[in-house]
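For reference, the structure is listed below as structure tokens.
Each value in this text was obtained by applying a stated rule to the coordinates, not by laboratory testing. All values reported here derive from a predicted model rather than from experimental measurement. Every residue, glycine as well, gets a Cβ built from its backbone with ideal geometry; the counts of neighbours run over all protein chains shown.
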Amino acid sequence: MTRQTVRIAMNGVTGRMGYRQHLVRSILALREQGGLDLGDGTVIWPEPVLVGRAEHKLRALAERHGLEHWNTDLDAVLADDSIDIYFDAQVTAAREDAVKKAIAAGKNLYCEKPTATGLDGALELARLADEAGVKHGVVQDKLFLPGLLKLRRLVEGGFFGRILSVRGEFGYWVFEGDWQSAQRPSWNYRAEDGGGIAVDMFPHWEYVLHELFGRVRTVQAQVTTHVPRRWDESGKPYEATADDAAYGIFQLDGGIVAQINSSWAVRVHRDELVEFQVDGTEGSAVAGLRGCRVQHRAATPKPVWNPDVPTTEPFRDQWQEVPDNGAFDSGFKAQWELFLRHVVRDEPWRWDLAAGARGVQLAELGLRSSAEGRRLDVPELGR
């Protein structure tokens, strides 16, 4: 067995997403399983180098997980020829400059989304990475969720017939931070720091819709700030300058209509924090993070509207659960494995910075649509 070490500079691991999903549940999980076995006698051994601005936080993380390498000097890390990959999970406003430095240093790169604060910046990153000849990828984790993998199985198997519509509901109540601590960082609610649910979630919806159902052709959105006053991590009140809810209608290839509501000011009355209902001529499905239920045309009941009598039909009981038919790993870890194989073996990869730019474009157009009160076309982006 040959072990090939891949050193990864991980910037932003002191944040919630960078720490939990990428460091602990992806890279450290790979190390705990003995590395990534390529099946030919080679094992990829990921070696994280923690990067950030807070020395005490980095040192504490390294000690907690028995890691040797960390540094607060990004330039020094990027100058290290032994670093194979630069990963970025910083706040959005800091990402663009750091990724440019990584590209200039010739590092393969993998980053969270949105890749930049605006479309021009996102396209520039894709162009620079292509010109530098480095391998590049963007996290598109929801494609690897068990519920959406089951949904993809249904789409590819022709279960729906002609797909008519997609309805998505995402969100939960994020506490204001005064009498109960908030579940999300305060920068999420400051537009000047790159916050806002549209710039956060529309990139997700772009790749989910694009990959499963077809390219987004038009967008009409309404964004708003339902909770204008919040309290930060130190208990200090501040005015929320970014949107905390975004309601979008998207037209896709083939005339499919998608409606997706995203909100941090909604209380959950769903089985999961995100759910997508897909309706087609032959059947329908409701998919969440893990589960997926279906109702075929032949098993569809025939409800009759009568508001004068109580509803006796158990509508939820009339759906069938889609079986797992296999084991599902963490979506973040699954995509990390594919990217590592892409870097080491040049295996196929399509979730690059150009794909990330499409997400930034949709968020930008969604905000513009809301500001102008009209539906906008979504132009196809070149490389």
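Points to keep in mind about this one:
- Filtered GluC sites (Glu not before Pro), the stretch 1-73: DSSP coil and at most 16 other beta carbons within 10 Å: Glu68
- Residue exposure proxy: Ser330, Ser82, ordered by other Cβ atoms within 10 angstrom of their Cβ from fewest to most, comes out as Ser82, Ser330.
- The radius of gyration of the Cα set in the stretch 77-181, together with its Dmax, comes out at 18.9, 53 angstrom.
- Most tightly packed first, judged by the mean number of other beta-carbon atoms within 10 Å of their residues, the peptides 196-205, 126-135 read 196-205, 126-135.
- Loop sites in the stretch 3-102: trypsin sites (Lys or Arg not before Pro), DSSP, at most 14 other Cβ within 10 Å: Arg53
- Ellipticity estimate at 222 nm from DSSP helix runs (n ≥ 4, -39,500 (n - 2.57)) divided over the chain, nearest 500: -9000 deg cm²/dmol
- Extent along principal axes [Cα atoms of the chain; Å; largest to smallest]: 72, 54, 42
- Put the Cα centre of the stretch 54-78 next to the Cα centre of the stretch 218-270 and the gap is 35 Å.
- Cα shape, the stretch 96-243, gyration tensor, a/c 1.5 rule: oblate
- When its C-alpha radius of gyration is set against 2.2 N^0.38 Å (N residues), the stretch 222-318 gives a value of 1.51.
- Lys, Arg +1 and Asp, Glu -1 on Cβ, resulting dipole of the chain about Cα centre, debye, nearest 20: 520
- Rg/Rh, computed from the Cα trace of the stretch 175-268 with Rh as the Kirkwood radius, has the value 1.07.
- The stretch 278-383 - charge dipole about Cα centre, Lys and Arg +1 at Cβ, Asp and Glu -1, debye rounded to 20: 200
- Our summary gives the chain a relative contact order of 20 percent, counting only alpha carbon pairs under 8 angstrom and 6 or more residues apart.
- Straight-distance crosslink candidates among lysines, where the alpha carbon sits under 16 Å from Lys100 and sequence neighbours closer than 8 are dropped: Lys113, Lys135
- Of all DSSP bridge pairs formed entirely within the chain, close to 55 percent run antiparallel.
- Partners of Lys333 within straight-line reach, counting aspartates and glutamates whose Cα lies under 13 Å from its Cα and excluding those fewer than 8 residues away in the same chain: Glu32, Asp141.
- Within the stretch 175-244, the GluC sites (Glu not before Pro) that combine a DSSP coil assignment with at most 14 other C-beta atoms in a 10 angstrom radius are Glu233.
- With only Cα atoms counted, the stretch 197-252 has Rg and Dmax values of 14.9, 44 Å.
- Fluctuation leader among His342, His269, His226 - the chain, Gaussian network, Cα springs under 10 angstrom: His269
- In the stretch 1-154, taking the dipole from charged Cβ atoms about the Cα centre, the farthest positive-side position among Asn71, Ala60, Leu109 is held by Ala60.
- Cα-Cα separations in the stretch 1-106 greater than 24 Å, expressed as whole percent: 22
- The stretch 206-269: relative contact order in percent, alpha carbon pairs under 8 Å with at least 6 residues between: 32
- The stretch 97-191 - percent relative contact order, Cα under 8 Å, separation 6 or more: 20
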